[in-house]
Amino acid sequence: MTQVLRNFVGGEFVDTQKGAFSELVNPSTGEVFATAPISDATDIDRAYAVAATAFESWKNSTPSQRQQALLTIAQTFEEHAEELVAVESENTGKPIPVTMVEEIPPMIDQIKFFAGAARILEGKAAGEYMAGFTSMVRREPIGVIGQVTPWNYPMMMAAWKFFPAIAAGNTVVLKPSDTTPASTLKMAELIAASGALPDGVFNVVCGDRNTGKELVEHKTPQMVSITGSVRAGMQVAASAAMDVKRVHLELGGKAPVVVFDDADIEAATEWLAVAGFFNAGQDCTAATRMLVAPRIYDDFVAAMAEAAAALSTTFEDGPTGEALVPPVNNAGQMERVLGFIERAPKHAKVVTGGSRQGNRGFYISPTVIAGLQQDDEMIQDEIFGPVVTIQKFTDEAQALSYANGVNYGLASSVWTKDFGRAMRMAKGLDFGCVWINTHIPLVAEMPHGGFKHSGYGKDLSMYGFEDYTRIKHVMANLES
């Protein structure tokens with residue numbers, strides 16, 4: 001029987017007002033497994049009203065109370081990790097063993113980090129910056145936050161969004177992607193069962209693009225935060241500007257991987273095959289745009305092709321298998337990725353892959369395309385699929401120019417044994433993260449966020465936590 005999902009508002013699951021639903025498809029099979037509500041303005045009104053009421057008390061909770069709430073949730077998620085991953089796998093097509101290892105531990109760690117962050121807010125020391133007056137800085141929660149999460153990591157991206165927000169004393173109305181709401185609703189179910197949060201602090205409203213538009217344009221939230229496409233981010237920023245809302249945007253990426261001729265090719269390709277094809281390349285930081293020095297170019301292309309071909313052999317293992325490359329998220333995304341490959345210019349060469357895998361689900365073979373030029377579509381636009389492009393550069397200056405020559409600025413990496421060169425590239429790369437001789441590891445203590453069309457604001461770290469606070473100056477007259 002097809003499962004019927006419902007919104008989560010005020011600590012309970014509720015029906016939508018108009019009763020409209022969309023079908024959820026398992027990307028590994030192409031089959032419908034559930035339906036999810038398509039919420040309208042009335043549903044958004046109700047969720048925000050509940051969140052606003054909850055904020056009046058939650059904002060007065062102490063840091064230690066908020067910390068304990070998050071620690072309780074972290075423990076609950078650990079205890080029910082298999083349930084969470086099973087739902088995530090069905091909704092995204094990701095293999096269960098890989099998801100259990102690669103997503104649950106970091107997510108739990110991130111929740112625990114934000115639990116600690118709730119108790120170490122920083123600001124200038126109180127003091128007499130003007131004679132006769134004492135000044136101090138207060139950090140306060142912003143209010144009700146509207147949030148939108150993507151379909152590539154629906155469970156983890158939800159955690160990145162709502163945990164820092166509620167740890168700072170805000171309340172949240174979150175809309176997951178219309179194709180992947182199941183694991184977010186499972187998280188809500190577990191949170192409710194744990195009793196860790198007062199009703200209304202965390203709310204989930206499902207729906208489509210119109211639902212997201214209503215969520216962002218509503219008068220109640222003081223801040224909106226989205227992880228999604230550049231187009232969606234621009235629309236959110238424009239609509240939020242009409243009401244002077246705060247905006248937090250984590251958008252697309254086109255990460256350059258600069259490989260110099262002194263790099264260890266074997267070590268680099270082994271690492272980059274994972275960083276490029278993990279989660280079918282559906283990662284804004286994925287190592288999918290490789291820039292390689294001429295002396296090692298041919299050897300590097302051959303090594304990447306071999307690594308990609310090896311990864312393409314396990315896709316039929318299904319949700320219980322160890323396949324690193326899952327299906328892309330939906331039929332539309334599969335069509336989009338294959339469209340990039342079909343439009344490849346004549347000077348490009350598909351070295352391996354380049355086609356759909358099997359007749360079931362939305363699998364695309366890990367693909368390596370060489371011979372591309374800087375102005376080519378696949379270099380400039382985010383593909384968001386299991387496709388790695390390889391360019392050749394002549395020297396360090398051209399490598400930097402090529403790397404920075406896109407509209408994105410989220411993540412990058414440089415591969416070299418020359419420390420001075422690595423430091424020059426780290427300074428010159430116009431990206432929010434620069435990895436040296438590695439690519440894709442993230443830690444809770446360090447910020448994640450980009451420049452240019454990749455958005456602004458930070459996830460993770462104290463910087464990400466502080467994004468969900470406001471600063472107030474308090475000055476006292478010592479003579480009164």
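Just a few scattered comments:
- When residues of the range 1-50 are limited to those that are of a type in the set (Val, Ile, Thr) and part of a loop (DSSP other than H, G, I, E, B), the one nearest to residue 90 (Cα to Cα): 29
- The lone criterion from (1) of a type in the set (Ser, Thr, Tyr); (2) without any contact (Cβ under 8 Å) to a residue 60 or more places away in the chain; (3) surrounded by 15 or more Cβ atoms within 10 Å (Cβ to Cβ) left unmet by residue 416 is number (2).
- Test for residue 303: is it surrounded by fewer than 21 Cβ atoms within 10 Å (Cβ to Cβ), touching a helix residue (DSSP H, G or I) at 6+ places or on another chain (Cβ under 8 Å), farther than 25 Å from residue 251 by Cα and among the aliphatic types (A, V, I, L, M): yes
- Contacts under 8 angstrom Cβ, first residue in the range 33-50 being under 13 Å from residue 221 (Cα atoms), partner outside any helix (DSSP H, G or I) and among the charged types (D, E, K, R), 6 or more apart: 50/199
- Residues (part of a loop (DSSP other than H, G, I, E, B), of a type outside the set (Phe, Trp, Tyr) and surrounded by fewer than 24 Cβ atoms within 10 Å (Cβ to Cβ)) located in the range 253-281: 261, 262, 263, 264
- Of the strands (runs of 3 or more DSSP E) lying entirely inside the range 126-173, those containing at least 3 residues that are in contact (Cβ under 8 Å) with a residue 12 or more places away in the chain and buried (at least 23 other Cβ atoms within 10 Å of the Cβ) span 144-148.
- Residue that is nearest to residue 218 (Cα to Cα), among those in the range 1-20 that are hydrophobic (A, V, I, L, M, F, W, C) and at pLDDT below 95: 20
- Residues (of a type outside the set (Asp, Glu), over 21 Å from residue 277 (Cα atoms) and surrounded by fewer than 21 Cβ atoms within 10 Å (Cβ to Cβ)) located in the range 374-413: 374, 394, 397, 398, 401, 402, 404, 405, 407
- The range 100-120, residues that are crowded, with 17+ Cβ neighbours inside 10 Å and part of a loop (DSSP other than H, G, I, E, B): 103, 118
- In this structure, residue 358 does satisfy being touching a residue at least 40 places away in the same chain (Cβ under 8 Å), more than 28 Å from residue 228 (Cα to Cα) and not hydroxyl-bearing (Ser, Thr, Tyr).
- Of the candidates 443, 474, the single residue that is within 30 Å of residue 144 (Cβ to Cβ), of a type in the set (Val, Ile, Thr) and free of Cβ contacts under 8 Å to residues at least 60 places away in the same chain is 443.
- Here residue 368 passes the criteria (1) buried (at least 21 other Cβ atoms within 10 Å of the Cβ); (2) touching a helix residue (DSSP H, G or I) at 6+ places or on another chain (Cβ under 6 Å); (3) without any contact (Cβ under 8 Å) to a residue 60 or more places away in the chain except the one numbered (3).
- Every pair of residues 6+ apart whose Cβ atoms lie under 6 Å, when the first sits in the range 384-400 and is part of a loop (DSSP other than H, G, I, E, B) while the second is surrounded by fewer than 21 Cβ atoms within 10 Å (Cβ to Cβ) and modelled with pLDDT under 95: none
- The condition of being under 26 Å from the mean Cα position of the chain (by Cα), surrounded by fewer than 24 Cβ atoms within 10 Å (Cβ to Cβ) and modelled with pLDDT of 95 or more holds for residue 334.
- The range 181-222, residues that are under 24 Å from residue 142 (Cα atoms), touching a Phe, Trp or Tyr at 6+ places or on another chain (Cβ under 7 Å) and outside any loop (DSSP other than H, G, I, E, B): 188, 191, 202, 203, 204
Residue by residue, here is whether (1) modelled with pLDDT under 95; (2) surrounded by 22 or more Cβ atoms within 10 Å (Cβ to Cβ); (3) under 22 Å from residue 178 (Cβ atoms) holds:
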| position | (1), (2), (3) |
| --- | --- |
| 27 | no, yes, yes |
| 32 | no, no, yes |
| 40 | no, no, yes |
| 53 | no, no, no |
| 72 | no, no, no |
| 98 | yes, no, no |
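The values are calculated or read from the model by the stated rules, or taken from the named source; none is laboratory data. Remember, predicted model here, so these are calculated numbers, not experimental data. Methodologically, a virtual Cβ is constructed for each residue, glycine included, from the backbone with ideal geometry; neighbour enumeration extends over all protein chains shown.
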